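The values are calculated or read from the model by the stated rules, or taken from the named source; none is laboratory data. Note that the coordinates shown come from a computational prediction; the quantities given were computed from them, not determined experimentally. Note that we place each Cβ from the backbone using ideal geometry, even for glycine, and neighbour counts take in every protein chain shown.
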């Protein structure tokens with residue numbers, strides 16, 4: 001599947017009222033409003049879900065699998081993200097949630113947080129052995145990786161060359177399930193329980209690897225109500241599915257990954273606007289004394305994903321409380337060649353020049369000059385009335401042939417005020433308004 005043709009965020013135009021809330025918040029200026037309806041420019045979209053969060057009319061939606069997907073396989077393995085644990089009240093034992101997943105229909109459970117502990121261990125070693133390229137940027141948040149490759153290509157060499165924990169644990173879960181059941185791969189379903197649409201996209205069209213072993217992605221908000229009826233503190237069997245400690249589970253909160261590196265030379269930021277500010281400062285070489293930077297597009301970290309149910313800051317507090325009852329870590333693995341291949345990128349992250357105005361450098365340079373000339377003609381209000389987020393974005397759309405100067409409400413009004421009434425016709429007052 002080509003990456004350009006898959007996005008987990010889509011627009012329901014029947015619900016769109018043509019307001020400009022989304023165009024103002026999109027971090028890659030991927031949304032325009034034309035003819036009273038929003039339009040998502042697929043080549044710019046990084047599936048962050050910010051438009052889903054901000055849309056007052058619920059016109060932006062996430063695409064993911066329904067729980068009916070469990071019926072497609074003879075044996076299913078749930079991969080719960082640690083942010084799932086933060087959705088429930090008064091939980092002091094992760095196994096209560098993991099056992100509930102089995103009761104609701106999964107055959108086995110494998111925590112994503114267990115792979116997070118593996119990545120933490122490898123990351124510590126990687127930082128010790130590599131002085132060049134610092135500070136390294138976490139690749140756990142797929143939105144951040146996609147943002148960097150389209151807006152901050154000079155920072156690509158700073159990306160930590162490790163796959164996300166969900167892809168690592170999926171590879172391990174497949175081998176374990178095939179060995180345990182004797183079933184062929186196609187009869188085993190590896191189901192990720194995700195907090196956000198960006199992770200859906202990352203599983204369907206991954207970066208850094210050819211193919212993810214995740215077969216389907218379901219939303220935390222769909223799993224949550226089903227789990228409630230199966231959760232019980234009175235389950236006395238000795239079966240335990242828990243395989244991670246506070247280092248792995250802590251990844252659900254902003255700063256959790258950095259905390260697992262056991263270093264003070266780090267920076268952790270959450271929320272897409274804060275992430276962009278950090279990346280801009282890093283591009284200006286303001287953080288040369290840091291070893292590691294953790295960036296989460298959602299406020300509070302993964303607990304703030306748009307496919308969760310709990311307030312992100314309440315969820316943060318719940319996850320911190322839960323971590324108090326956990327050992328530091330449970331997953332300790334030898335650094336072998338086979339596991340190292342599952343963890344590290346199979347292919348490099350490459351720059352996607354989606355914002356280039358021309359096919360060649362010379363053409364782009366000429367069109368940039370045209371954009372500057374147009375900006376001088378525009379009012380500079382960045383009001384969004386034209387359907388573009390800023391006057392500069394409108395100028396770029398004009399150069400691309402996707403808009404005209406008349407789309408600017410200010411310039412259109414000035415034009416109409418200078419046209420003689422005889423040229424406007426009978427509806428002069430309506431046109432001027």
Report yes if residue 48 is out of contact with any strand residue (DSSP E or B) (no Cβ under 6 Å at 6 or more places or on another chain), in a loop (DSSP other than H, G, I, E, B), touching a residue at least 24 places away in the same chain (Cβ under 8 Å) and crowded, with 20+ Cβ neighbours inside 10 Å, otherwise no.
-> yes
Exclusive hit being touching a helix residue (DSSP H, G or I) at 6+ places or on another chain (Cβ under 9 Å), in a loop (DSSP other than H, G, I, E, B), at pLDDT 95 or above and within 30 Å of residue 286 (Cα to Cα), set 143, 139 | 139
Before we move on, is residue 177 closer than 30 Å to residue 156 by Cα and either surrounded by 18 or more Cβ atoms within 10 Å (Cβ to Cβ) or within 23 Å of the chain's Cα centre (by Cα) (or both)?
-> no
Test residue 287 against the criterion of being modelled with pLDDT under 95, touching a strand residue (DSSP E or B) at 6+ places or on another chain (Cβ under 9 Å) and either assigned by TED's automatic domain parsing to the domain that holds residue 153 or more than 25 Å from residue 47 (Cα to Cα) (or both), and give yes or no.
-> yes
May I ask you to list the residues in segment 242-261 that are out of contact with any helix residue (DSSP H, G or I) (no Cβ under 9 Å at 6 or more places or on another chain) and either on the phi < 0 side of the Ramachandran plot or not in a loop (DSSP other than H, G, I, E, B) (or both)?
-> 258
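In a strand (DSSP E or B), over 30 Å from residue 367 (Cβ atoms) and assigned by TED's automatic domain parsing to the domain that holds residue 95: does that describe residue 294?
Yes: the conditions hold for residue 294.
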Could you tell me whether segment 60-82 includes any residue that is in a helix (DSSP H, G or I), buried (at least 17 other Cβ atoms within 10 Å of the Cβ), within 18 Å of the chain's Cα centre (by Cα) and in the same structural domain as residue 192 (by TED's automatic domain parsing)?
-> yes
May I ask you to say which residue of 281, 264, 289 is part of a loop (DSSP other than H, G, I, E, B) and free of Cβ contacts under 8 Å to residues at least 12 places away in the same chain?
-> 264
Of residues in segment 2-22 being assigned to a helix (DSSP H, G or I) and within 18 Å of the chain's Cα centre (by Cα), the one farthest from residue 353 (Cα to Cα) = 22
Inter-residue pairs, beta-carbon under 7 Å, first closer than 16 Å to residue 196 by Cβ and in segment 3-14, second assigned to a helix (DSSP H, G or I) and at pLDDT 95 or above, 6+ apart | 6/201; 7/201; 8/197; 8/200; 8/201; 9/51; 9/52; 9/197
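Test residue 223 against the stated conditions and say whether it is touching a residue at least 12 places away in the same chain (Cβ under 8 Å), under 17 Å from residue 164 (Cβ atoms) and not in a loop (DSSP other than H, G, I, E, B).
no
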